[in-house]
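Quick notes on the structure that follows.
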Amino acid sequence: MKPDRRRVERVVIPEDQLLPCEGISRPLAGKVSVLGVGGMYIRTRDTYPSGTELELRIRADDQTLQTPCVVRDVLPGGLGVEFTWLRGPLEAKLQKILFVLKRKAQGRESKVES
């Protein structure tokens, strides 16, 4: 098992709320199961070697984020990608998506405690 090198917080997305993800620059179809300001994990049958540059689009409710990424981790059933250019409006959009996902997660936790 690899050590966890993450430097930023991430959100694990529940199975019933996975975010659709599609490739813009290369073919890719999948579902985002983990999202953070540094990147995301995409469940997909499509595979690319580590270091491959991709432009990807994810959709979350009424938000669409299209951003360049690079493949950092290749696992059976998915890819870990790092965002390579996430500035200004793109970063603000990602922060909004993360905020909504965190609020949904907090709502689920409070229902479990009740």
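The values are calculated or read from the model by the stated rules, or taken from the named source; none is laboratory data. These numbers were taken from a predicted model, which means no experiment stands behind them. No Cβ is skipped: glycine too gets one built from the backbone with ideal geometry, and neighbour counts run over all protein chains shown.
When each of V74, V34, V70 is tested for being among the hydrophobic types (A, V, I, L, M, F, W, C) and closer than 23 Å to Q106 by Cβ, the lone residue that passes is V34. Across region 1-46, the qualifying residues are those that are under 21 Å from P76 (Cβ atoms) and among the basic types (K, R), and the one among them that is modelled with the lowest pLDDT is R6. It is to be established whether one or more residues within region 19-37 are exposed (fewer than 15 other Cβ atoms within 10 Å of the Cβ), polar (S, T, N, Q) and in contact with a Leu (Cβ under 9 Å, 6 or more places away or on another chain). Yes, there is a match, as at least one residue in region 19-37 is exposed (fewer than 15 other Cβ atoms within 10 Å of the Cβ), polar (S, T, N, Q) and in contact with a Leu (Cβ under 9 Å, 6 or more places away or on another chain). Within region 48-57, the residues that satisfy the criterion of being more than 23 Å from P14 (Cα to Cα) and surrounded by 13 or more Cβ atoms within 10 Å (Cβ to Cβ) are Y48, T52, E53, L54, E55. Going by what's in this entry, would L86 be described as more than 21 Å from D16 (Cα to Cα), in contact with a helix residue (DSSP H, G or I) (Cβ under 7 Å, 6 or more places away or on another chain) and surrounded by 13 or more Cβ atoms within 10 Å (Cβ to Cβ)? It is true that L86 is more than 21 Å from D16 (Cα to Cα), in contact with a helix residue (DSSP H, G or I) (Cβ under 7 Å, 6 or more places away or on another chain) and surrounded by 13 or more Cβ atoms within 10 Å (Cβ to Cβ). Residues in region 45-67 that are under 12 Å from the mean Cα position of the chain (by Cα), within 14 Å of R26 (Cα to Cα) and not aliphatic (A, V, I, L, M): R57, Q66, T67. Residue check: A60 meets all listed conditions (1) without any contact (Cβ under 8 Å) to a residue 40 or more places away in the chain; (2) small (G, A, S); (3) surrounded by 14 or more Cβ atoms within 10 Å (Cβ to Cβ) but one, namely (1).
Quick check on P49: is it modelled with pLDDT under 95, not β-branched (V, I, T) and not in a strand (DSSP E or B)? So P49 fails the test.
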